[in-house]
1. Amide H of I118 versus every other amide H placed in the peptide plane: which residues, excluding those fewer than 5 positions away on the same chain, fall under 5 Å?
2. Subtracting the Cα-Cα distance from 0.36 nm times the residue separation, let me have the gained length for D39 to S59 in nm, one decimal.
3. What length, rounded to one decimal in nm, is gained on full extension from D95 through to I47, with 0.36 nm per residue of separation minus their alpha-carbon distance?
4. Highest mean first, what order results for 99-110, 39-50 on Cβ atoms within 10 Å?
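Where a number appears in this text, it was derived from the coordinates with a stated rule and is not lab data. None of the values given here were measured: they were computed from a predicted structure. Here the Cβ positions follow ideal geometry from the backbone for every residue, glycine too, while neighbour counts run over all protein chains shown.
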Amino acid sequence: MPLGLLISCQASYGEKYTKGNLEIFYTEDCSKYVEPVADYFETNNLIQEKPHSIQLTSSSMGSENPGFIMKMIVSDNKQSIPEDKKYNISSLERDLKTKVYKDLNFRIEICNENFVPIDS
């Protein structure tokens, strides 16, 4: 197999930062939030015993209103999220928005293992 074909088949999730078992993939425009998010996860005991990944990206929520997205992988292949987990995710989203993103536009998306959003 030609090397060029092999490289083009690999998915790129952005740059990678690791803290314990937490892998954070990120785009360049989110780089200043990587360490604060990792520190938040560590301080709040959110780093799991097994490796897990999140992705930090940005979106242009209108040209005057850019925003940030944290994509979290659901490990159990469910296509919907139970109500109690939705509440926990919503609480995490509010806390990160306040403590890390300083009230900028921020949201969490629940994704499959390829960081493709699933219906929650």
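1. Here the answer is I110, C111, N112, since their amide H atoms fall under 5 Å of that of I118.
2. The span from D39 to S59 would gain 4.9 nm if fully extended.
3. Here the segment from D95 to I47 would lengthen by 15.7 nm.
4. 99-110, 39-50
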